[in-house]
Amino acid sequence: MTTAERLLFLLKTRGPESAQILAKILGLTAMGVRKQLLLLEEKGLVASADERRGPGRPTRIWSLSAQGQRRFPDRHADLAVDLLRQLRAEFGEEGVARLVSARERQAECTAREALTGAADVEDKLGRLAAWRHADGYMAHVEREADGSWQLVEHHCPVAAAAGECGRLCESELALFRRLLGEGVEIDRTEHLMAGGRSCRYRVVVKV
């Protein structure tokens, strides 16, 4: 992976950042990272803006542009949206609901294979994140100080379809709840489709 590709990945997974922080993460000089960011800006892949983060001079903050976002997988977004619209026109919302349910059942079969043999909730979450990451969601798990977990997905490869059909997001949350079992509570606390930087789920073992 080139430095430019690593920068794009970091901006996708971390959100807007300064060149100094990006340089520290990559183990490079701030000057070298700024040079790469300027080249990416010329190509229209990133954008920058000055932002005040405490006293002193404003800090130049870098973020992915819309064109940069499109560098990540979108699963043939236009085709998916067109098919959903045609399905709705032909068969109504009931037809869309049946399609989403069928997709959910298929995904559950694959996911249960990935989770087979998991020792505990944390192991299940790790396997679930790995399965989602392999499917393009840039997923990982974070452990919180209070003993809960955060399942975080930085990218949605079906964002265009999800924007057309909210049932897809509802279906995924329902799937996660079944996979983790009755003794686990999982709630979405941040949502890409609602303007969040990621889809974030809080996971707690019920007492």
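The values are calculated or read from the model by the stated rules, or taken from the named source; none is laboratory data. Here the structure is a predicted model, which means the values were calculated and not measured. Cβ sites come from the backbone with ideal geometry, for glycine too, and all protein chains shown count toward neighbours.
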All-but-one check, GLU104 against (1) on the phi > 0 side of the Ramachandran plot; (2) not in a loop (DSSP other than H, G, I, E, B), failing number (1)
Return the residue satisfying two criteria in turn: it lies in region 135-151 and is under 16 Å from the mean Cα position of the chain (by Cα) and on the phi > 0 side of the Ramachandran plot, and of such residues it is surrounded by the most Cβ atoms within 10 Å (Cβ to Cβ). MET138
Matching entry among ALA102, ALA23, ALA107 (being within 20 Å of the chain's Cα centre (by Cα) and either aliphatic (A, V, I, L, M) or under 22 Å from ALA134 (Cβ atoms) (or both)): ALA107
So if I check each of ARG132, ARG88, which one is buried (at least 17 other Cβ atoms within 10 Å of the Cβ) and in a helix (DSSP H, G or I)? ARG132
Looking at (1) modelled with pLDDT under 95; (2) more than 19 Å from the chain's Cα centre (by Cα), find the lone condition where SER63 falls short. (2)
Out of all the residues in region 2-23, is one or more more than 27 Å from HIS140 (Cβ to Cβ) and in contact with a strand residue (DSSP E or B) (Cβ under 9 Å, 6 or more places away or on another chain)? no
Within the group VAL152, VAL203, VAL207, VAL158, which residue is modelled with pLDDT under 95 and in contact with a strand residue (DSSP E or B) (Cβ under 6 Å, 6 or more places away or on another chain)? VAL152
Suppose the filter is in contact (Cβ under 8 Å) with a residue 24 or more places away in the chain, assigned by TED's automatic domain parsing to the domain that holds VAL81 and surrounded by 14 or more Cβ atoms within 10 Å (Cβ to Cβ); does VAL100 pass it? yes
Output the residue which, of all residues in region 108-129 that are among the aliphatic types (A, V, I, L, M) and free of Cβ contacts under 8 Å to residues at least 40 places away in the same chain, is surrounded by the fewest Cβ atoms within 10 Å (Cβ to Cβ). ALA119
When you check GLY68 against the structure, is it out of contact with any Cys (no Cβ under 8 Å at 6 or more places or on another chain) and surrounded by fewer than 17 Cβ atoms within 10 Å (Cβ to Cβ), yes or no? no
Could you tell me whether CYS156 is part of a loop (DSSP other than H, G, I, E, B), out of contact with any Pro (no Cβ under 8 Å at 6 or more places or on another chain), touching a residue at least 24 places away in the same chain (Cβ under 8 Å) and buried (at least 16 other Cβ atoms within 10 Å of the Cβ)? yes
Subset of region 152-188 (residues that are more than 15 Å from the chain's Cα centre (by Cα) and more than 18 Å from THR110 (Cβ to Cβ)): GLU164, CYS165, GLY166, ARG167, GLU170, GLU182, GLY183, VAL184, GLU185, ILE186, ASP187
